[in-house]
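Computed from the coordinates by the stated procedures, all read-outs in this text should not be read as laboratory data. Computed from a predicted model, the values in this text were never measured in an experiment. Please note: Cβ atoms are built from the backbone with ideal geometry, for glycine as well, and neighbour counts cover all protein chains shown.
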Amino acid sequence: MTARVPIGIVMNGVTGRMGYRQHLVRSLLAIREQGGVPLRDGSRLWPELVLVGRNEAKLRDVAARHGLTDWTTDLDAALARPDVSIYFDAQVTSEREKALRLAVAAGKHIYTEKPTATTLHGAVELARAADAAGIRHGVVQDKLFLPGLRKLDRLVRGGFFGRILSVRGEFGYWVFEGDWQEAQRPSWNYRAADGGGIVVDMFPHWHYVLEQIFSPVRAVTAHVTTHIPRRWAEDGQPYEATADDAAYGIFELDGGVVAQINSSWAVRVNRDELVEFQVDGTEGSAVAGLRRCRVQHRATTPKPVWNPDLPSTDDFRAQWQEVPDNEVFDNGFKAQWEMFLRHVAEDAPYTWDLWAGARGVQLAELGLQSAREGRRVEVTELRS
């Protein structure tokens, strides 16, 4: 019989959309359903979950729904437990840094959503504290595990593009204001005091996508705005949106690559997926989304001629070739959870730590600075 090795995990923020759906249900509960995480010695790591949150009724409901019995509203008590090894945080951004510092002080390994803090100073000090405590730490970088971006990364590693020239990204969808139709994102996302804003939410994502798949970001120029200044909260009451809901960024990468990424919660989707990246190189191009990736090689590139007086006869979308899966893609959040659990249990390789999280916060902070000052801002290297 395969040995089962328990590992205690405090999960803070599981009553929220992301914490519940992606991290609890589709990751850790899914890992339990498959019998745990297999380790090198033949045993299987078994997550023992302690649910933490501020709303007792919601916690009780989540626990009962999935047959879990270990939950509490007392974070300090949960962190004091000797049978707990890992602290996970998926709270609202404004609450995260304080809780992570408590976990570091308690000597727990950390796995957390991003951004890791509301300021670069806070993110750097948190990373330093974790290093000094000798704990293992990881930050969720889920988009690297999307099938479309996995295929895109495969193309980059294989040299498909030749010299990469540019990256163009489009992300977003229309988030309803909440008056005549319920909003599909929580209202705190649009209040700066609660850590809201599309820059602090999405620029950390764009940072690790650009850094990990292409090359480090060296400068940013951004325009940031609040297109929808008035929204309606969950209680039906109107409020002023104090956080940005759209950002238009230009990122300069090592090697002369230019990336342009538009992020908006005030855009209607006219693309195949909610996020798409087009990469153009001297030898070929690709368009990658959440799941799909299509390519056009230099040899099959059409030769359109600009003539506004006649309708185009080219079906440009039909001239691209689908990249096959060539592997089975698991849920990206679950795949990264398994990597981090192996990192804690048997020192398996893991690179996306709190310093990676701090670099994401840095890019968001510099993007806001660029927008505020109306200029290009260089990205300096962080020092531990």
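Between rounded, prolate and oblate, where does region 113-188 land on the alpha carbon gyration tensor, with a ≥ b ≥ c its root eigenvalues, rounded for a/c under 1.5, else prolate if a/b exceeds b/c?
The shape class here is oblate.
Among 51, 331, 175, whose Cα projects farthest towards the positive end of the dipole of the chain, with charges put on the beta-carbon of Lys, Arg (+1) and Asp, Glu (-1)?
331
Please give the charge dipole size of region 1-107, origin at the Cα centre, charges +1 on K and R Cβ atoms and -1 on D and E Cβ atoms. Round to the nearest 20 debye.
The calculation lands at about 340 debye.
Hand me the trypsin sites (Lys or Arg not before Pro) from region 297-384 located in a DSSP loop with no more than 13 other Cβ atoms within 10 Å, in residue order please.
Answer in residue order: 375, 376, 383.
Just grab the label-to-label distance for residue 242 and residue 81, each label 7 Å out from Cα along the Cβ direction, in nm (one decimal).
Result: 3.6 nm between the two label points.
What nm value, rounded to one decimal, do you get for the distance between residue 331 and residue 318 when each label is placed 7 Å out toward the C-beta?
3.9 nm
Quick one: grab the alpha carbon gyration tensor of region 1-157, order the square roots of its eigenvalues as a ≥ b ≥ c, and give me rounded if a/c is under 1.5, else prolate or oblate depending on whether a/b is larger than b/c. Working shown, then result.
Values: a/c = 1.30, a/b = 1.01, b/c = 1.28.
Rounded, because the longest to shortest axis ratio a/c is under 1.5.
Say each of residue 278 and residue 305 gets a label point 7 Å from the Cα, pointing the same way as Cα to Cβ; how far apart are those two points in nm?
Using points 7 Å along Cα→Cβ, the separation is 2.2 nm.
Say the dipole of region 1-46 comes from +1 at the beta carbon of Lys and Arg and -1 at that of Asp and Glu; which of 18, 36, 2 then lies farthest toward its positive end?
18
Any idea how far the Cα center of region 102-153 sits from the one of region 197-263, in Å?
Here the two parts' Cα centres lie 19 Å apart.
Helix 332-346 against the longest principal axis of the chain: what's the angle in degrees, Cα atoms only, rounded to the nearest 10?
The two axes meet at around 50 degrees.
Which angle from 0 to 90°, rounded to the nearest 10, does the C-alpha axis of helix 354-373 make with the longest principal axis of the chain?
50 degrees
Relative to the longest principal Cα axis of the chain, at what angle does helix 56-65 sit, 0 to 90 degrees, rounded to 10?
Roughly 80 degrees between the two axes.
Which value, in debye to the nearest 20, describes the size of the charge dipole of the chain about its Cα centre when Lys and Arg Cβ atoms bear +1, Asp and Glu Cβ atoms bear -1, and nothing else is charged?
It comes to approximately 480 debye.
Could you name the lysines whose alpha carbon sits less than 26 Å from that of residue 98, not counting residues in the same chain fewer than 8 places away?
List returned: 58, 108, 114, 143, 334.
In terms of the Cα gyration tensor, with a ≥ b ≥ c the square roots of its eigenvalues, is region 230-384 rounded because a/c is under 1.5, prolate because a/b exceeds b/c, or oblate?
Here region 230-384 falls in the oblate category.
To make sure I understand, if each residue's beta carbon is the centre and we count other beta carbons within 10 Å, what order do 150, 54, 185 fall in, fewest to most?
54, 185, 150
Starting from one equal scatterer on each C-alpha and no solvent at all, send me the Debye-based log10 I(q)/I(0) for the chain at q = 0.09, 0.10, 0.11 Å⁻¹, two decimals.
For the chain at q = 0.09, 0.10, 0.11 Å⁻¹, log10 I(q)/I(0) is -0.57, -0.71, -0.85.
Once you charge only the Cβ atoms, +1 for Lys and Arg and -1 for Asp and Glu, what is the size of the charge dipole of region 312-373 about its Cα centre, to the nearest 20 debye?
Approximately 300 debye in magnitude.
Residue farthest toward the positive end of the dipole of the chain, with Cβ of Lys/Arg at +1 and Asp/Glu at -1: which of 371, 116, 27?
Value computed over the given set: 27.
For region 15-64 and region 294-367, write down the distance between their C-alpha centroids in whole Å.
27 Å
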